[in-house]
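Inspection log for the structure reproduced underneath, given as structure tokens.
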């Protein structure tokens, strides 16, 4: 039925523009917008599309992020397709509503442009905002480059609004390194996107808040109903893993691009040593892997595209039997020595057939994950594979920390 | 792949220069990737941007420490050490300056292009924003790309009379840049 | 009223054109002002309104406890921080989808004057076409009687207690309705439960005016539990609030303020305070401060209501 189409348009655009174009192509009913660096360009683009008539939607220029999330939540529960975007402190300011959206199972789609949070106010890249909101009950996906931002926004609608899922989805991408990155993007046609999303119209209708109908939402579930709702939520998150893999396949059929679903593997067939990463760092890691491969080092990359639910089965399958694995975190896990993603993968260590694990922390507050840093991480993971003594946690750009840990 | 580092200040169009060039490479079937680094967004603050131009997809998402080309939009930074940091042998520099020649020298620098981009911009668009003049001059200095795709790329960033005026800027940048071999 | 009309029913009955969507014996305290109001609104405006509400005294009844809500309205229970933004999202989608709607954003003073003020102000600035009703019981009653922005001077609450070195709230109350009337919205009004005909007219006017944008109703709704008065006195407390000008009744259409009830020879505010325990500790000096506040607000209203007639603009420069 679906074959790759040749009606797309090649343009050089930023990651933020890719997010806005992705949202526009999904034909949202209601968009709420509030600016914050480095997300602002997303809502500027959407406002411009709205002003020129390219985007036919209700645009709510709210007075704060909290209202952005609250208004799209209500519009979603009323039956609309919605979109919003934020970053860092903005995401934190809407956090009560972020939780409420998840609890209400409202299929909200948003992008979050990763920026340092919380604590010191830093206008810089970092995934701490994602970590600080990870237990909200949302589906989290992470994009590496501008093309993937656009593609993940489209996939997010398929996932969020799937009748078997009905959960909000947040697409994360790195501030500065992706948000402001101008690069070549293949922009699909409106017709092909309509076709890709059309399956959502053939589903049973979800519950909606309609005037005059005897239906309440946001009920106080104090006794048994609460546990039932929570368990259904958790089950839907579990189902979303396989669904994301399936959507990736259908995306391939429609647009000719595939990313591997929950995780993407790069040079993994014979890899003895693996770096696990997410987001923009993966592009840099791939280029360093090519150089290391030329030097005969069997190194590969496992890129997390889905972070919540945690793709543990795919991770175990991919890492099982490798000699050593270095997990790169662009954030901290306060109260733990290792990075957050490292700590979570560590929980499955006994199922990994003896693969040894180490944690690398880098890229926080715009400290650049340079090619030299990546090479260093690969070398240390190779040392671990060779049985040498390697510290469990390394702050790659801050060697002073490593003496104390 | 060529790596280019842009130095300027907020309001000079540093980011737009890097975007226009990435866009131009995209238009000839090649790959360009550029991004800026800055703190709070405001006029006058130092801005650095990075551009990678290649015939293969650009995957690196990291700042540029060993540029092949440095582009200086803000003449007050022309002697700054930070500008020359990590410049590779055979390196080139494009400088926006009202002085047609320059005494700048660096071990790895083989070619300098100097152009009074502010003056041209003032004449053509009435504002001292040098970005499109610099984009044109970049094509001439480096020879990495023709002026055609550079002027076509402007279409994505300007409209109407501003577009035509900036196209003149880019062409004048290409034609009038003073290239000095060292 | 019934005595005056010689046994005839109050004309307010004529406004109650719709069924009461609430079940009998709901979980409000005896004498609750909120209960009178919440039953009255759909009876006047219709049962096809969509109500939004927040954690508050209204929540146990509106949102339901143990999976049971006590009414048959279409309802969205949400958070205090974003109530007006929720109503915004609903009304924007309904209007886009061509669904007829009357969205009533129903909140206490804690949401309207305090934690949710910012997003209410934002919705007013954007002139979102829904009706915001604040039922004002002058504090956080559901959590156990704490001070809010509309708690009056001198009132004893659990966060402004009467103790050695403290004589209740030492700040004056916020005039929420006046703030909203200044927001250039199509309609803002005050109302209370002693004047139900006035309240009904204002509800219907808001339902009509919301086609032009944001409508705000500030309804004085006393709380016998939190304020310490006889539950049978709720309507009487409202009546005294009006008669003393403690809570004047007015409306503002497109910013033009008009008194809907003028009180000739108002009684001193002491008359209003007398049955209410939260004022019991106050002395003459405190009562004078409260009286001064009441007079000040009345003057401000009076001044604003003649503003348009009297105001002379300075001559423009050439």
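The values are calculated or read from the model by the stated rules, or taken from the named source; none is laboratory data. Only a predicted model underlies this, so the values are computations on that prediction, with no experimental measurement involved. Ideal geometry is used to build each Cβ from the backbone, glycine not excepted, and the neighbour counts take in all protein chains shown.
The table for this structure:
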read-out: Which listed residue, of A:46, A:55, A:91, A:99, is in contact with a helix residue (DSSP H, G or I) (Cβ under 8 Å, 6 or more places away or on another chain), farther than 18 Å from residue A:111 by Cβ and at pLDDT 95 or above; value: A:99
read-out: Sole exception among (1) surrounded by fewer than 20 Cβ atoms within 10 Å (Cβ to Cβ); (2) at pLDDT 95 or above; (3) in a helix (DSSP H, G or I) for residue C:40, by number; value: (1)
read-out: Verdict on residue A:181 being within 14 Å of chain B (Cβ to nearest Cβ) and touching a residue at least 60 places away in the same chain (Cβ under 8 Å); value: yes
read-out: Selection count, the stretch A:278-311, where residues are within 11 Å of another protein chain (Cβ to nearest Cβ), on the phi < 0 side of the Ramachandran plot and touching a residue at least 40 places away in the same chain (Cβ under 8 Å); value: 9
read-out: Leading residue by the ranking (modelled with the lowest pLDDT) among those in the stretch A:343-376 that are within 14 Å of chain B (Cβ to nearest Cβ) and not in a helix (DSSP H, G or I); value: A:367
read-out: Total residues in the stretch B:58-106, condition more than 14 Å from every other protein chain (Cβ to nearest Cβ) and free of Cβ contacts under 8 Å to residues at least 12 places away in the same chain; value: 3
read-out: Residues being at negative phi and crowded, with 21+ Cβ neighbours inside 10 Å - total across the stretch C:126-151; value: 16
read-out: Test set (1) at pLDDT 95 or above; (2) touching a helix residue (DSSP H, G or I) at 6+ places or on another chain (Cβ under 6 Å); (3) not in a loop (DSSP other than H, G, I, E, B) - residue B:59 fails condition number; value: (3)
read-out: Any chance residue A:155 is assigned to a helix (DSSP H, G or I) and either away from every other protein chain (no Cβ under 14 Å) or under 25 Å from residue A:41 (Cβ atoms) (or both); value: yes
read-out: Listing of strands (runs of 3 or more DSSP E) fully contained in the stretch C:48-138 that carry 1 or more residues being more than 8 Å from chain A (Cβ to nearest Cβ); value: C:50-53, C:103-108, C:131-136
read-out: Members of the stretch A:3-39 found to be under 16 Å from residue A:112 (Cα atoms) and out of contact with any helix residue (DSSP H, G or I) (no Cβ under 8 Å at 6 or more places or on another chain), listed by number; value: A:37
read-out: 2 or more residues surrounded by fewer than 22 Cβ atoms within 10 Å (Cβ to Cβ), away from chain C (no Cβ under 14 Å) and free of Cβ contacts under 8 Å to residues at least 12 places away in the same chain: qualifying strands (runs of 3 or more DSSP E) within the stretch A:1-79; value: none
read-out: Given (1) more than 14 Å from chain C (Cβ to nearest Cβ); (2) in contact with a helix residue (DSSP H, G or I) (Cβ under 7 Å, 6 or more places away or on another chain); (3) not in a strand (DSSP E or B), number of the condition residue A:141 does not satisfy; value: (3)
read-out: Matching entry among A:308, A:293, A:322 (being under 17 Å from residue A:130 (Cα atoms) and modelled with pLDDT of 95 or more); value: A:308
read-out: Answer residue from the stretch A:80-96, given it is under 19 Å from the mean Cα position of the chain (by Cα) and at the interface with chain C (Cβ under 9 Å from one of its Cβ atoms) and is surrounded by the fewest Cβ atoms within 10 Å (Cβ to Cβ) among those; value: A:94
read-out: Subset of the stretch A:163-179 (residues that are farther than 18 Å from residue B:50 by Cβ and touching a strand residue (DSSP E or B) at 6+ places or on another chain (Cβ under 6 Å)); value: A:167, A:169, A:170, A:171, A:172
read-out: Test result for residue A:119, over 16 Å from residue A:39 (Cα atoms) and in a loop (DSSP other than H, G, I, E, B); value: yes
read-out: Residue list for the stretch A:104-119, filter: without any contact (Cβ under 8 Å) to a residue 60 or more places away in the chain and either farther than 16 Å from residue A:92 by Cβ or surrounded by fewer than 23 Cβ atoms within 10 Å (Cβ to Cβ) (or both); value: A:118, A:119
read-out: Any hit, the stretch C:139-152, residues being farther than 27 Å from residue C:296 by Cα, touching a helix residue (DSSP H, G or I) at 6+ places or on another chain (Cβ under 8 Å), within 14 Å of chain A (Cβ to nearest Cβ) and at pLDDT below 95; value: yes
read-out: Any hit, the stretch A:379-397, residues being within 24 Å of the chain's Cα centre (by Cα) and assigned to a loop (DSSP other than H, G, I, E, B); value: yes
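Okay, residues lined up against (1) surrounded by fewer than 20 Cβ atoms within 10 Å (Cβ to Cβ); (2) in the same structural domain as residue A:280 (by TED's automatic domain parsing); (3) touching a helix residue (DSSP H, G or I) at 6+ places or on another chain (Cβ under 6 Å); (4) closer than 23 Å to residue B:63 by Cα:
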position	(1), (2), (3), (4)
A:348	yes, yes, yes, no
A:357	no, yes, yes, no
A:367	yes, yes, no, yes
A:378	no, yes, yes, yes
A:381	no, yes, no, no
A:386	yes, yes, no, no
A:392	yes, yes, no, no
A:398	yes, yes, no, yes
